[in-house]
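Q: I am attaching a structure below and will ask some questions about it afterwards.
The values are calculated or read from the model by the stated rules, or taken from the named source; none is laboratory data. Predicted model only: the values in this text are computed from it and were never measured. When we count neighbours, we look across all protein chains shown, and the Cβ atoms used for this are built from the backbone with ideal geometry, even at glycine.
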Amino acid sequence: MAQTQVQAPPASTCLEVEGVTLSFGGVHALDDVALDVRHGEVFAIIGPNGAGKTSLLNSISGLYRPQQGSIAYTPAPEAAPLPLIGRAPHKVAQVGIARSFQNIELFRGMTVLENLMLGRHIHMRGNVLTCGLYWGPQRREEIRHRAAVEDVIDFLEIENLRHQAVGTLAYGLQKRVELARALALDPRLLLLDEPMAGMNVEEKEDMARFILDVNEERGVTTVLIEHDMGVVMDLSDRVAVLDFGRSIACGTPDEVRADPAVIHAYLGDAE
Amino acid sequence: MTELLELRPDADTLPKLLLRNARERGDEAALREKEFGIWQSFTWAQYAERVRNFARGLVELGLERGDIVAVVGDNRPEWLIAQLAAQAVGARSLGVYQDSVASEVRYLIEFAGARFVVAEDQEQVDKLLEVWDELAGAADGDGRGIEKVIYYDPRGLGSYPHDFLLDFSEVEKIGRSATSSAEDDFERWVEATAADDVALLSTTSGTTGKPKLAMLSHRNLVTMAHSFQSVDPMQSDDEFVSFLPLAWIGEQMIGAACGLLVGFTLNFPEEPETVQHDIREIGPHTMFSPPRIWENMVSDVQVRIEDSSWLKRKVYEWALGVGYRAADARLEHGAPPRFVAMLNGVANAVCFFWLRDKLGVRRIRRAYTGGAALGPDIFRFFHAIGVNLKQIYGQTEVSGISVAHRDDDIKFQTVGTAVPGAEVRLGEGGEILTRSASVFLGYYKNEEATEEALRDGWLYSGDAGYMDDDGHLIVIDRKKDVMELHDGTQFSPQFIENKLKFSPYVKEAVVFGGGDYPFVTSLVTIDFANAGKWAERRQIPYTTFTDLAQKPEIYELVLEHTAGINGDLPESARIQRLLLLHKELDADDEELTRTRKVRRRFIADRYRLLVDALYGGGDAVEIENEIAYQDGTTAVLETRLRIAQPATAG
């Protein structure tokens, strides 16, 4: 029910992808892809296997460098757009873009708390000397970051896991910690790569609720890749469909569902 | 005895006690809640201030004397603030178990005619919204029905459009801004509260039907606290962890009433999942839990010890043996022989001290169990490891306690002797009757049940029991559950169930026998976590609960335990046949009460087919089990449950 209210008056563009082409040798992973994500929305990217969804996410977060096209990110409605292509991943993180990975990328031997503190690394100012002394401003900084991390822990309801090693947690919980780690960055734009892959129904419901809460209460624009169509259609304000590296449709869930090109890509032709 | 009943007029209601504490020790910690990983304290002055604001806010919103404020949620400071604010105005609070399903919440709120509901979070608010139309349509005779829902965890509720939803802090703000116009309103209201006002409506456990609402006055609760404290005094710098539902009289009794009287610090855990950890951090001086919590602790220890190394296991076994000897001697003669005491000292140093530390009971002066019978084996275990665990007996209708063990007079089989101010005697058929200033005023809107339970000032408990030679009360079971076996012996299903439940692999047991049943049988549910671990260690593959429960190895495990029990039982009371249920008993399916008591009759009815099979000749029974999936579709699963026969030779 909350969904309908989020669509504020014509939202400005948060992320604009234009004519992006990414090739590995002769393979076009992305071929002239274009889409735009507006501030405050939940935006889903769907498509059959190998359609280039993760490649697109990697291009946004700076892991891949597309040969052509532009990706522009506008941190706030009034701000000037920043080009992302060519920016190293840690520089992308610094402008407020966080992501999670399809295959969990956490430090398995470290506790949940330590992983999350690490997630705030980009905001930390200290160096070897000040951290070694751990006094005055450095101490206050640590406390400030811990407070931010505790806020995320509270938000995602993982209080009971704080001191557990990530590697010992169940898969669904690791996924949640992965989301927490991304949130610890305090992002304005969150990229989630299959946040619900491999989860059971209950875990999916929890995760869906968290994604909506993150979007609504923390005002984070969210781009997610997901295979579960039910989830996508329920969660997203708009959906883009990729097929063989090209964007073939973009619109509200209902529009996309009715699009003949999408039906073709997913189901093939009737003949 | 009577001096106890004379309450000082400036300290005879809970809100008055709150203000007294705020005056006398305003800057000491009253409440502590773990939030964001840190224990955050409120002083008595802050506590009283929040109650004042919330009470004023409620009055601004239209709360009147005699109204009912329902509270539903996990244990948080706001729960008690809401309750005290209602009581300060002369309204009554009604606690609803936080795990109740929407229809149960609806029943209680509708039946009580609550006008305000304080609900913790989105989960609870969603339940109310689910039944909102029915609730709003059910205004009582005076046109009084539910008006406002006040939540204290705004997470996820920001976009709810309903105008009857209010944030707790919003109400406090209304109260604060109303302050300037009427400076001493609040003090006047509190002064006007009288000992005989109804303070709370407490739900009875309802093992047989819909829960009833017992009306407890301030006098009931405050005299109960006085008399409890005269037996086992607590101190104002004690710590207590409030983690059991505040809708339960047990938590109200110590957490709310004794807390206000004595002024110790109440600690609220971070989340239900972190309770164990939080208890350990706080190190409470007193704990009161139903048997389930103590049973879980013992199971946990047993399972972990089995998982540990050979050496640790041997040390534990040796230490426990010594501990048992010392505890038995201590309870029988007051002090163990010198040699045993010495060994026990060693056992304490190498094992018990660390075990208590792990369990979070290192600082415990007194631990209590109540609400249902606790098996003597569990009792003995805790005394062996040096935890002073005692039994309390009482019911919602006597504000929680009428009989208790004294420190130097503990017997595992008994519940102790009457507390000061309470008289206990036995009525017809051994029914336990109680008379004291803490006996309730009656059931809310239920004259008939009141007349049955309350006669000439005596509370007819419905429990059967007897007195032993030392004047200790022994509770057998619910009077209607006590059966006579064919050879004439009295038989209490609960007694045998408790023995079954001592196994860490058994979660619940429902024993049948006596009356129309020719012999004794039992339905047993396994403890999924512990039995699962056991199976894993032996590399026995399993998928679901049903699958695990039907493994021959698990049957063997339970049968072996049952055979041991049978050895201790008189011949006619031995369990002849049993089966392992395909599902856990669940309060949502009405098989347990919200305080996790087995609803025997309901289960006998629901599993009629299984019970019949237990008394039939076959060695298995097929059941069809309808399962509702989350997407609304249902499917019928057929399961074959084996019936096994434990060894019954003595």
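Q: Out of region B:62-87, which residues are modelled with pLDDT under 95 and closer than 16 Å to B:TRP189 by Cα?
A: Hits for region B:62-87 are B:GLY62, B:LEU63, B:GLU64, B:ARG65, B:GLY66, B:ASP67.
Q: Just checking, does region A:43-55 include any residue being among the hydroxyl-bearing types (Ser, Thr, Tyr) and outside any helix (DSSP H, G or I)?
A: Within region A:43-55 (the criterion being among the hydroxyl-bearing types (Ser, Thr, Tyr) and outside any helix (DSSP H, G or I)), the answer is no, since none of the residues qualifies.
Q: Then there's this: For region B:1-55, which positions are aliphatic (A, V, I, L, M), assigned to a helix (DSSP H, G or I) and farther than 16 Å from B:ALA195 by Cβ?
A: Matches in region B:1-55: B:ALA22, B:ALA45, B:ALA48, B:VAL51, B:ALA55.
Q: In region A:37-54, what residues are touching a residue at least 40 places away in the same chain (Cβ under 8 Å), out of contact with any His (no Cβ under 8 Å at 6 or more places or on another chain) and on the phi < 0 side of the Ramachandran plot?
A: In the first step, residues of region A:37-54 are kept if they are touching a residue at least 40 places away in the same chain (Cβ under 8 Å); the result is A:37-48, A:50-54.
Right, trim to out of contact with any His (no Cβ under 8 Å at 6 or more places or on another chain) and you get A:37-45, A:47-48, A:50-54.
Answer for region A:37-54, where residues must be touching a residue at least 40 places away in the same chain (Cβ under 8 Å), out of contact with any His (no Cβ under 8 Å at 6 or more places or on another chain) and on the phi < 0 side of the Ramachandran plot: A:VAL37, A:ARG38, A:HIS39, A:GLU41, A:VAL42, A:PHE43, A:ALA44, A:ILE45, A:PRO48, A:ALA51, A:LYS53, A:THR54.
Q: OK, next. Scan region B:246-254 and tell me whether some residue there is more than 14 Å from every other protein chain (Cβ to nearest Cβ) and more than 17 Å from the chain's Cα centre (by Cα).
A: Within region B:246-254, none of the residues are more than 14 Å from every other protein chain (Cβ to nearest Cβ) and more than 17 Å from the chain's Cα centre (by Cα).
Q: Take region B:96-138 and flag every residue that is outside any helix (DSSP H, G or I), of a type in the set (D, E, K, R) and buried (at least 18 other Cβ atoms within 10 Å of the Cβ).
A: Once the filter is applied, which keeps residues that are outside any helix (DSSP H, G or I), of a type in the set (D, E, K, R) and buried (at least 18 other Cβ atoms within 10 Å of the Cβ), region B:96-138 yields B:ARG115, B:GLU120, B:ASP121.
Q: In addition: For region B:599-636, name all the residues that are more than 17 Å from B:THR546 (Cβ to Cβ) and among the polar types (S, T, N, Q).
A: Restricting attention to region B:599-636, the residues satisfying the condition of being more than 17 Å from B:THR546 (Cβ to Cβ) are B:599-605, B:608, B:611-612, B:614-619, B:630-633.
Within region B:599-636, B:GLN630, B:THR633 meet the criteria.
Q: While we're here: Can you tell me how many residues in region B:264-310 are of a type in the set (A, V, I, L, M, F, W, C), in contact with a strand residue (DSSP E or B) (Cβ under 7 Å, 6 or more places away or on another chain) and within 14 Å of chain A (Cβ to nearest Cβ)? It would help to see each step written out before you state the result.
A: Let us first name the residues in region B:264-310 that are of a type in the set (A, V, I, L, M, F, W, C), namely B:264, B:266, B:268, B:275, B:279, B:282, B:287-288, B:293-294, B:297-298, B:301, B:303, B:305, B:310.
After this cut, where a residue has to be in contact with a strand residue (DSSP E or B) (Cβ under 7 Å, 6 or more places away or on another chain) as well, the list is B:264, B:266, B:268, B:279, B:282, B:287-288, B:294.
With within 14 Å of chain A (Cβ to nearest Cβ) added as a condition, the list becomes B:268, B:279.
Total meeting the criteria: 2.
Q: Test B:THR633 against the stated conditions and say whether it is within 14 Å of another protein chain (Cβ to nearest Cβ) and of a type in the set (S, T, N, Q).
A: So B:THR633 passes the test.
Q: Hey, can you tell me all the residues within region A:100-157 that are within 14 Å of chain B (Cβ to nearest Cβ), part of a loop (DSSP other than H, G, I, E, B) and surrounded by fewer than 18 Cβ atoms within 10 Å (Cβ to Cβ)? First the steps, then the outcome.
A: Initially, region A:100-157 is screened for residues within 14 Å of chain B (Cβ to nearest Cβ), giving A:111-114, A:116-117, A:142-157.
Adding the requirement that they be part of a loop (DSSP other than H, G, I, E, B) leaves A:156-157.
Listed by number, the list holds a single entry, A:GLU157.
Q: Is there a residue in region A:54-66 that is more than 18 Å from the chain's Cα centre (by Cα) and among the aliphatic types (A, V, I, L, M)?
A: No, that holds for no residue.
So that you can scan it fast, the table gives a plain yes or no per residue for (1) within 14 Å of chain A (Cβ to nearest Cβ); (2) of a type outside the set (D, E, K, R); (3) in contact with a His (Cβ under 7 Å, 6 or more places away or on another chain):
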position: B:LEU14; (1), (2), (3): no, yes, yes
position: B:ALA29; (1), (2), (3): no, yes, no
position: B:ASP67; (1), (2), (3): no, no, no
position: B:ASN75; (1), (2), (3): no, yes, no
position: B:LEU84; (1), (2), (3): no, yes, no
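Q: While we're here: When region B:518-532 is examined, which residues are found to be buried (at least 17 other Cβ atoms within 10 Å of the Cβ) and assigned to a helix (DSSP H, G or I)? Let's see the steps before the verdict.
A: Pass one, region B:518-532, residues buried (at least 17 other Cβ atoms within 10 Å of the Cβ): B:519-527, B:530-532.
Listed by number, the residues that qualify are B:ASN530, B:ALA531, B:GLY532.
Q: Which of the residues belonging to region B:187-217 are assigned to a loop (DSSP other than H, G, I, E, B) and not hydroxyl-bearing (Ser, Thr, Tyr)?
A: If the condition is that a residue be assigned to a loop (DSSP other than H, G, I, E, B) and not hydroxyl-bearing (Ser, Thr, Tyr), then B:ALA194, B:ALA195, B:ASP196, B:ASP197, B:GLY206, B:GLY209, B:LYS210, B:PRO211, B:LYS212 are the ones that fit.
Q: Shifting gears a bit: Can you list the helices (runs of 4 or more DSSP H) found entirely within region B:273-391 that contain at least 1 residues being in contact with a Lys or Arg (Cβ under 8 Å, 6 or more places away or on another chain) and closer than 30 Å to B:ARG600 by Cα?
A: Those helices (runs of 4 or more DSSP H) span B:291-307, B:376-384.
Q: Additional query: Could you identify the single residue in B:LEU108, B:LEU80, B:LEU63 that is out of contact with any Asp or Glu (no Cβ under 8 Å at 6 or more places or on another chain) and within 12 Å of B:LEU246 (Cβ to Cβ)?
A: B:LEU80 is the lone residue from the list that is out of contact with any Asp or Glu (no Cβ under 8 Å at 6 or more places or on another chain) and within 12 Å of B:LEU246 (Cβ to Cβ).
Q: Same structure, new question: Residue under question is B:TYR466, and the condition is that it be of a type in the set (Ser, Thr, Tyr) and surrounded by fewer than 18 Cβ atoms within 10 Å (Cβ to Cβ); does it hold?
A: So B:TYR466 passes the test.
Q: Then there's this: Just to verify a result, which residue in region A:171-203, among those that are within 14 Å of chain B (Cβ to nearest Cβ) and modelled with pLDDT under 90, is surrounded by the most Cβ atoms within 10 Å (Cβ to Cβ)?
A: My answer is A:MET199.
Q: Same structure again: Tally the residues that are surrounded by 15 or more Cβ atoms within 10 Å (Cβ to Cβ) and in contact with a strand residue (DSSP E or B) (Cβ under 9 Å, 6 or more places away or on another chain), restricting the search to region A:158-170.
A: Residues that pass the stated criteria total 6.
Q: Also: Would you point out which residue out of B:SER177, B:SER202 is modelled with pLDDT under 95 and surrounded by 14 or more Cβ atoms within 10 Å (Cβ to Cβ)?
A: B:SER202
Q: Looking only at region B:218-241, how many residues end up being under 19 Å from B:ILE282 (Cβ atoms) and either touching an Asp or Glu at 6+ places or on another chain (Cβ under 6 Å) or in a helix (DSSP H, G or I) (or both)?
A: 0
Q: Go through region B:9-24 and give me each residue that's hydrophobic (A, V, I, L, M, F, W, C) and more than 19 Å from B:SER227 (Cβ to Cβ).
A: Looking only at region B:9-24, we keep the residues that are hydrophobic (A, V, I, L, M, F, W, C), and these are B:11, B:14, B:17-19, B:22.
Within region B:9-24, B:LEU18, B:LEU19, B:ALA22 qualify.
Q: Please go through (1) within 26 Å of B:ALA620 (Cβ to Cβ); (2) not in a loop (DSSP other than H, G, I, E, B) for B:GLN539 and return the number of the only condition it doesn't satisfy.
A: Every condition holds for B:GLN539 apart from (2).
Q: Yes or no: region B:430-440 includes at least one residue that is buried (at least 21 other Cβ atoms within 10 Å of the Cβ), under 27 Å from B:ILE565 (Cβ atoms) and at pLDDT 90 or above.
A: Yes, region B:430-440 contains a residue that is buried (at least 21 other Cβ atoms within 10 Å of the Cβ), under 27 Å from B:ILE565 (Cβ atoms) and at pLDDT 90 or above.
Q: Follow-up question, since we're still on this one. Which pairs do you get when a residue that is among the small types (Gly, Ala, Ser), found in region B:442-457, comes within reach of a residue that is surrounded by 12 or more Cβ atoms within 10 Å (Cβ to Cβ) and in a loop (DSSP other than H, G, I, E, B), reach meaning Cβ atoms under 6 angstrom, with the pair 6+ apart or on two chains?
A: Here the result reads B:ALA449/B:LYS212, each pair linking region B:442-457 to a residue that is surrounded by 12 or more Cβ atoms within 10 Å (Cβ to Cβ) and in a loop (DSSP other than H, G, I, E, B).
Q: Then there's this: Just to be sure before I move on: is B:ARG380 touching a helix residue (DSSP H, G or I) at 6+ places or on another chain (Cβ under 9 Å), modelled with pLDDT under 95, among the basic types (Lys, Arg) and closer than 23 Å to B:LEU500 by Cα in the structure I sent?
A: Yes.
Q: What are the pairs, 6+ residues apart or on separate chains, where a residue within region B:574-588 that is in contact (Cβ under 8 Å) with a residue 40 or more places away in the chain and buried (at least 23 other Cβ atoms within 10 Å of the Cβ) has its Cβ under 7 Å from a residue that is of a type in the set (Lys, Arg) and not in a loop (DSSP other than H, G, I, E, B)?
A: Note: pairs meeting the criteria are B:LEU579/B:ARG642.
Q: Report, ordered by the first and then the second residue, all pairs with beta carbons closer than 6 Å, sequence separation of six or more or different chains, a first member in region A:189-208 that is free of Cβ contacts under 8 Å to residues at least 24 places away in the same chain, and a second member that is surrounded by fewer than 20 Cβ atoms within 10 Å (Cβ to Cβ) and not acidic (Asp, Glu).
A: These pairs meet every condition: A:VAL201/B:GLN630.
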